[in-house]
């Protein structure tokens, strides 16, 4: 169930008191002794970080996440709460992952649209010689094993990216995309099952989920 959100006086969503109380009950993060965690990184309560993972400086990982073996979380990456990142995923700087996202094993995010190791004069590029292009993965989305996400895209709420897909453009909320480059072949429910009889009605996009046995409103 999607968490209830409140509207703060500054217009930004906030958690209710019960959500914060639940977070406090989770306990401290659990970090495998072989993981490398920067002292400048923030790791939320109840998060598990497994063997040989690395979390760079100023990265933020929320509460109750599961960060698998060999995961690389680059500097300043933002990861929400209740996120599962499977083994050997690479999340490079510029990526923002919302709450409730699933990222399958060996997924790779990129962050440079014009990658080169050297400048025009042949010298090795430094941090000031290229621009990071941001990527956003929205609430509840899932990315299948070994997918590659080109930087500069948004993967919408509850979207599902098939295993091995190459994502080169935005993915709509609830969309199912597969292939190289990734193409939409349908829509999925919040439970990830394929929706049937998708149609527009009174300006809304609706689809029937055979697993949940109900009609979902998937209007973007």
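A few comments on the model shown:
- Here residue 197 meets the list (1) surrounded by 15 or more Cβ atoms within 10 Å (Cβ to Cβ); (2) farther than 26 Å from residue 74 by Cβ almost entirely, failing just condition (1).
- Test for residue 156: is it out of contact with any helix residue (DSSP H, G or I) (no Cβ under 8 Å at 6 or more places or on another chain) and more than 18 Å from residue 100 (Cα to Cα): no
- For segment 124-144, a tally of residues being crowded, with 16+ Cβ neighbours inside 10 Å, free of Cβ contacts under 8 Å to residues at least 60 places away in the same chain and under 28 Å from residue 174 (Cβ atoms) returns 8.
- Pairs with Cβ under 8 Å, 6+ apart, first in segment 85-110 and under 14 Å from residue 139 (Cβ atoms), second at pLDDT below 95 and in a strand (DSSP E or B): none
- Contact map, segment 151-173: residues that are in contact (Cβ under 8 Å) with a residue 40 or more places away in the chain paired with residues that are part of a strand (DSSP E or B) and surrounded by 20 or more Cβ atoms within 10 Å (Cβ to Cβ), Cβ distance under 6 Å, separation 6+ or inter-chain. Pairs shown: 151/135; 156/171.
- Some residue of segment 195-215 being touching a strand residue (DSSP E or B) at 6+ places or on another chain (Cβ under 9 Å), under 25 Å from residue 81 (Cα atoms) and either without any contact (Cβ under 8 Å) to a residue 24 or more places away in the chain or outside any loop (DSSP other than H, G, I, E, B) (or both): no
This table checks each residue for (1) surrounded by 20 or more Cβ atoms within 10 Å (Cβ to Cβ); (2) at pLDDT below 95; (3) in contact with a strand residue (DSSP E or B) (Cβ under 8 Å, 6 or more places away or on another chain).
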| residue | (1), (2), (3) |
| --- | --- |
| 13 | no, yes, yes |
| 49 | yes, no, yes |
| 59 | yes, no, yes |
| 63 | yes, no, no |
| 68 | yes, no, yes |
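Let's see how each residue does on (1) assigned to a strand (DSSP E or B); (2) loosely packed, with under 12 Cβ neighbours inside 10 Å; (3) modelled with pLDDT under 95:
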position: 114; (1), (2), (3): no, yes, no
position: 122; (1), (2), (3): no, yes, no
position: 146; (1), (2), (3): no, no, no
position: 152; (1), (2), (3): no, no, no
position: 163; (1), (2), (3): no, no, no
position: 169; (1), (2), (3): no, no, no
position: 173; (1), (2), (3): no, no, no
position: 177; (1), (2), (3): yes, no, no
position: 184; (1), (2), (3): yes, no, no
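The values are calculated or read from the model by the stated rules, or taken from the named source; none is laboratory data. Nothing here was measured: the structure is a model prediction, and the numbers come from that model. All Cβ positions, glycine included, derive from the backbone under ideal geometry; neighbour counts span all protein chains shown.
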